[in-house]
1. Express in whole angstrom the spacing between the alpha-carbon centres of region 199-250 and region 72-102.
2. Would region 187-345 count as rounded, prolate or oblate if I go by the C-alpha gyration tensor, calling it rounded below 1.5 in a/c and otherwise prolate when a/b exceeds b/c, oblate otherwise?
3. For Arg367 and Leu37, what does the FRET efficiency come to when R0 = 45 Å and r is the distance between their Cβ atoms, rounded to the nearest 0.05?
4. Mind checking which aspartates and glutamates have their Cα closer than 18 Å to the Cα of Lys293? Skip sequence neighbours fewer than 8 apart in that chain.
5. About its Cα centre, what dipole magnitude does the chain give when the only charges are +1 on Lys and Arg Cβ and -1 on Asp and Glu Cβ, stated in debye to the nearest 20?
6. Report the Cα centroid-to-centroid distance between region 171-186 and region 354-424 in angstrom, as an integer.
7. Sorted by packing (mean other beta-carbon atoms within 10 Å per residue), highest first, where do 79-85, 16-22 land?
8. Run the reach check for Lys201 against lysines, Cα to Cα strictly under 16 Å, same-chain hits fewer than 8 apart removed. What comes back?
Amino acid sequence: MAARVAARSDAIRSAPTHTVHHTWLRDTNGRLVDEALLTVMRAPRTFTGEDVVELGLHGGAVCVRRTLRALLAAGARLADRGEFSKRAFLNGRIDLSRAEAIIDLIRSRTELGARSALAGIAGGVARRTEEIENRLIDVLARLELNLDFQDDVQAAGREEIARALDAAAGDVRELERRAPWGRRLRDGVTIAIVGRPNVGKSSLFNALLEEDRALVSETSGTTRDYLEAWLDLGGVPVRLVDTAGQRDAREDVEAAGVARAQRWEREADLRLVVIDASEPGSPEDAEVVVRTKGRPRVLVANKSDREVGASTSGGGEPAGGAALLVSARTGEGLDELRARLEQLVREGDREPEDLSLPNERHVESMRRAAAALDLARASWQEGATEEVVAGDVRDAISALGEVTGRVVDEVVLDRIFAQFCIGK
Ligand SMILES: Nc1nc2c(ncn2[C@@H]2O[C@H](COP(=O)(O)OP(=O)(O)O)[C@@H](O)[C@H]2O)c(=O)[nH]1
Ligand SMILES: [Mg+2]
């Protein structure tokens, strides 16, 4: 196919594997399209395990579009989403957990997320589950053997099998326990900045991002829609959302913004509730504090640089007794705020040393494997027959086999590869 658009097509057709060739690309009408470097890689040592040609083009969207058009006219077709990875999987070049880790790497938003994805591509999760599977296959073999032996050997064997089942269940659960970190790194955590107008939400948004993203103004109701940006807090990708100040809106557009702010306030994983330190006793501040009570939140009193009561009558209880005093203007308290947010998004967890982190699909398989192993242990202790216990062990092995895709159904495959972008 590539030879149809490339000059020196004979040389390219007969090129040895893993060689790079300079060439000119022409469309079917013979018009020059681009100058390119063409890499020839022949099966089986390629990503998909099939013959592959890669084109290195001059940058720019136009070159790519023209080359693509020429290739399509010459009879090529566009790949489906994830088609290359799916072929690699079907040809046995990568297992399913590695294919998923490729998606994780492409989507990663923090250094830690990328490191974890790379650990997955290197086979971290796959190796652990395969190792447990192998031990369980040994247990199966022992169960078979046990049937053929006399009583004293059998007694020693019984104990060993019980221990092996215990250890396997323990190891599966240990892997499963890392799942929250996997979820955190893959999905990120959403923090919504909420409060009444003019308390400094947008100023804090900018200060946390260390860039001027949101408009800041003395005029109330400046932020109408919401704004979002990604932030790295201790390795966790955080989607920070700046919302419109909540009040009885004067016009439709603002009312729509307030409705969105309310939705963020309800649905975010964590709320950064901002009140004005210079206006203690503000009834609107008291409202947001009460409204967000009992939900994950950090209360901050902003404008700590200003004199208290500068613009109100003062008096009454300060709305946020336990609020962290900060100033978006001077930066006071921001390090502490960052540290507090970081601790909350990590839910107090230190990151695991081994960054091979199972995803939700893996966890679902691991739960079933652990449950089957629990059954096997219980039956074994109660003196069930080898056949019965072997059945449970086989269930555990096939559940674990879903992680690498050794045992997997077509629907699951389609769902996984549909998450890829085209060209991967
Ligand atoms: N003195 C002082 N003024 C602030 C501080 N943070 C925000 N402001 C001012 O308060 C006004 C409203 O800020 P803005 O971030 O737009 O508030 P928002 O409506 O809650 O998004 C602007 O005039 C800001 O300059 C602060 O820490 N100290
Ligand atoms: Mg604002």
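FYI, it's all coordinate maths here, none of it is from the lab. None of the values given here were measured: they were computed from a predicted structure. Glycine also receives a Cβ, built like all others from the backbone with ideal geometry; neighbour counts cover every protein chain displayed.
1. Here the two parts' Cα centres lie 40 Å apart.
2. Here region 187-345 falls in the rounded category.
3. Taking R0 as 45 Å, the efficiency between Arg367 and Leu37 is 0.40.
4. Glu265, Glu267, Asp269, Asp276, Glu284, Asp285, Glu317
5. 1860 debye
6. That distance is 15 Å.
7. 79-85, 16-22
8. Once the sequence-local lysines are set aside, what remains near Lys201 is Lys303.
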